[in-house]
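The values are calculated or read from the model by the stated rules, or taken from the named source; none is laboratory data. Just so it is clear, the structure is predicted and the values come from calculations on it, not from any experiment. Cβ placement follows ideal geometry from the backbone for every residue including glycine, while neighbour counts extend to all protein chains displayed. Areas reflect the complete protein model, heavy atoms only, side chains present, ligands, DNA and RNA absent. Shrake-Rupley method; radii C 1.70, N 1.55, O 1.52, S 1.80 Å.
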Amino acid sequence: MGMGLAVPPTGQRDEGGGSASERSGTSAPIAALVVHARLRMLPWVLGIVLFGYGFVHWDQDLYLVEPGRLGLLLVAWTFGHAGTMWLNAALDREEGAAIFTRGSAIPRGLHGAAYVALVLSVGVAAAANTRAAGCAFGCALLAVMYSHPRLAWKGHPLGGPLVNVLGYGVFSPLAGAAVASESISVRLVVTLALWSLWLFGAYLSAQSFQEADDRRRGYRTFVVTHGPPAALAIARRSMNAAISGAFVLTLIGIYPRLPVLAFPGFLVADAWMRRWQLQSDGGGPDWAVGLFRRMVAVGLCVFVLAWCEYWFF
């Protein structure tokens, strides 16, 4: 999970080997680790796990199954998130600001710290149960495939989206579901398919303004091979298709019907996306953050209304 072999950009190397920031030693390595962990993304990542856990409770009419194991799983995914982000930063050698981070020098030992965090993620998840550990292992493996210099699926037009769809769209919510139940319903499978389709679009949209950086690093991402307009167009269609599918399933009663009141909010998010498409060179990170905030706000309204219907109606 995370966001052609990498070409080091900002930490330029010289004949002495290693970037200038590495040779001089990072003034605050712990602080740099915290920055590169992108902790502002962590609530979003943990929310995906909680979604799988909560959905199974609603889907199978359960009541607070194994909350202690859920806590272990959240700790595991915190380690996994940190390891994933550190591998990503080590691959890019990017010291500048990015989405959800202000940027920092690349500290020594970042690769090692990343692998330790990923191992801890699988180990802590195993304390929850074996199914959750399998999901954690799948996420850890995807993180390595995404960011290992000899694989660098991040730089592939299909490999990057596939890693994120599987990691955040399938394994993460399934891990939450696995803590609460051993069975998986058709409704959950359909829900994960719609969620993965939306996530595919979200990933392409977040990539759309990074064409110049990706070219400099030698990546062949979708935005490099097809350009920002195509990336944003496919992103918008994918997200709208997923939202439309969820809307239809809500109308016919597969999902709680009360959340239909929140769906017009997605039109506001789509209007933002439409304006984003008019920006030159894919806009910038602020457009991605703006879309994220609007989508999350509406999504939270959907969940609150679903909870109200479940408990009160």
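Quick notes
- Only residues that are in a helix (DSSP H, G or I), open to solvent by less than 10 Å² (accessible area, probe 1.4 Å) and either among the hydroxyl-bearing types (S, T, Y) or in contact with a strand residue (DSSP E or B) (Cβ under 6 Å, 6 or more places away or on another chain) (or both) were counted across region 219-254, and they come to 1.
- Among the numbered conditions (1) open to solvent by 20 Å² or more (accessible area, probe 1.4 Å); (2) closer than 22 Å to W44 by Cα, the only one that L291 does not meet is (1).
- Residue match in region 165-173 (condition: of a type in the set (G, A, S) and in contact with a Cys (Cβ under 9 Å, 6 or more places away or on another chain)): yes
- Test for L300: is it open to solvent by 90 Å² or more (accessible area, probe 1.4 Å), closer than 17 Å to W198 by Cα and among the aliphatic types (A, V, I, L, M): yes
- Scanning region 85-137 for residues that are buried (at least 21 other Cβ atoms within 10 Å of the Cβ) and either among the small types (G, A, S) or modelled with pLDDT of 95 or more (or both) yields a count of 16.
- Lone qualifier among D286, D214 - being open to solvent by 50 Å² or more (accessible area, probe 1.4 Å), assigned to a helix (DSSP H, G or I) and either touching a strand residue (DSSP E or B) at 6+ places or on another chain (Cβ under 9 Å) or within 26 Å of N88 (Cα to Cα) (or both): D286
- One residue from L141, L162, L199, L204 being of a type outside the set (S, T, Y), within 12 Å of the chain's Cα centre (by Cα) and surrounded by fewer than 22 Cβ atoms within 10 Å (Cβ to Cβ): L162
- Region 119-130 residues that are β-branched (V, I, T), paired with ones that are surrounded by fewer than 21 Cβ atoms within 10 Å (Cβ to Cβ) (beta carbon under 8 Å, 6 or more apart): V122/F137; V124/L72; V124/V75
- Answer residue from region 72-84, given it is open to solvent by 30 Å² or more (accessible area, probe 1.4 Å) and of a type outside the set (V, I, T) and is nearest to G155 (Cα to Cα) among those: F79
- Check on G265, over 30 Å from R150 (Cβ atoms), over 17 Å from the mean Cα position of the chain (by Cα) and outside any helix (DSSP H, G or I): no
- F209 vs. criteria open to solvent by 10 Å² or more (accessible area, probe 1.4 Å), of a type in the set (F, W, Y) and within 30 Å of D59 (Cα to Cα): no
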